[in-house]
Amino acid sequence: MKKEIVLSLSIVIGMTIMLIPCLQVVRAVSPSQPEYLSCNSFGVQKYQEKKEAPVFSLKEIDGKQVSLRDFRGKPVFIVFWATWRPTCREELSALEKFSRDKRDTLVFLFITVDGERKRNAQKIMDQNKITLPVLLLLKEKTMDQYGVRGWVPQGYLVDQEGMLVGKIIGQRDWSSPEAWSCVKELFSLR
């Protein structure tokens, strides 16, 4: 009897956790916003009000210092991820493929939330042939500024003026046509 109750509770909790990103997407869309059809179908939360992206300065795995300010004038896609989450590793691989012909148009930055484990991040980069910049988050300040709580991967889209324009919680199918259509809509790209 106890096993059945525990199993039932586990299922309910699991389903609730899986629904959180969907509920957040519904809440983020406002009727006064222009229609972003690809973004809505792709599950991107479009920010209702303009908000400046929190600026950070973090080190890449190779030690090079990178600041968000370095990319002013270009759209930036920031992804917070964890080495211990299989979904994050899958997302990185999918984004690596997605980025191949878009790197002149869009900057990709992967921020590992367990940056003190540089060796783990490097191992995942090597195994998955990740060539995009991976930044090490040694203090939680940047996570707090972006509001990253619990669920990773989380992506943030920053426009050419340094304003947050979209947020993505969880994995997406980056090989789908909606992926690039959504990015083009958010950043007014051709």
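The values are calculated or read from the model by the stated rules, or taken from the named source; none is laboratory data. Since the model is a prediction, treat every value here as computed from it, not as a measurement. When we count neighbours, we look across all protein chains shown, and the Cβ atoms used for this are built from the backbone with ideal geometry, even at glycine.
Rundown of residues vs (1) within 20 Å of Leu164 (Cβ to Cβ); (2) within 13 Å of the chain's Cα centre (by Cα), yes/no style:
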residue: Val66; (1), (2): yes, no
residue: Pro75; (1), (2): yes, no
residue: Val79; (1), (2): yes, yes
residue: Thr83; (1), (2): no, no
residue: Pro86; (1), (2): no, no
residue: Asn120; (1), (2): no, no
residue: Asp126; (1), (2): no, no
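May I ask you to list the residues in region 85-110 that are of a type in the set (A, V, I, L, M, F, W, C) and more than 23 Å from Leu189 (Cβ to Cβ)? Spell out how you get there, then give the answer.
Start the filter on region 85-110 by keeping residues that are of a type in the set (A, V, I, L, M, F, W, C), which leaves 88, 92, 94-95, 98, 106-110.
Correct list: Cys88 only.
Is region 156-172 home to any residue that is of a type in the set (Lys, Arg), touching a residue at least 60 places away in the same chain (Cβ under 8 Å) and either within 20 Å of Val55 (Cα to Cα) or touching a Phe, Trp or Tyr at 6+ places or on another chain (Cβ under 7 Å) (or both)? Let's see the steps before the verdict.
In the first step, residues of region 156-172 are kept if they are of a type in the set (Lys, Arg); the result is 167, 172.
Okay, now just the ones that are also touching a residue at least 60 places away in the same chain (Cβ under 8 Å), so 167, 172.
Right, trim to either within 20 Å of Val55 (Cα to Cα) or touching a Phe, Trp or Tyr at 6+ places or on another chain (Cβ under 7 Å) (or both) and you get 167, 172.
Yes; the residues of region 156-172 include at least one that is of a type in the set (Lys, Arg), touching a residue at least 60 places away in the same chain (Cβ under 8 Å) and either within 20 Å of Val55 (Cα to Cα) or touching a Phe, Trp or Tyr at 6+ places or on another chain (Cβ under 7 Å) (or both).
I'm trying to understand the selection: among the residues of region 65-106, which are in contact with a helix residue (DSSP H, G or I) (Cβ under 7 Å, 6 or more places away or on another chain) and of a type in the set (S, T, N, Q)?
Passing the criteria: Thr83, Ser93.
Which is among the small types (Gly, Ala, Ser), at pLDDT below 90, within 19 Å of Val44 (Cα to Cα) and within 13 Å of the chain's Cα centre (by Cα), of Gly170, Gly166, Gly155, Gly147?
Numbers: Gly170 fails: at pLDDT below 90; Gly166 fails: at pLDDT below 90; Gly155 fails: at pLDDT below 90.
That would be Gly147, the only listed residue that is among the small types (Gly, Ala, Ser), at pLDDT below 90, within 19 Å of Val44 (Cα to Cα) and within 13 Å of the chain's Cα centre (by Cα).
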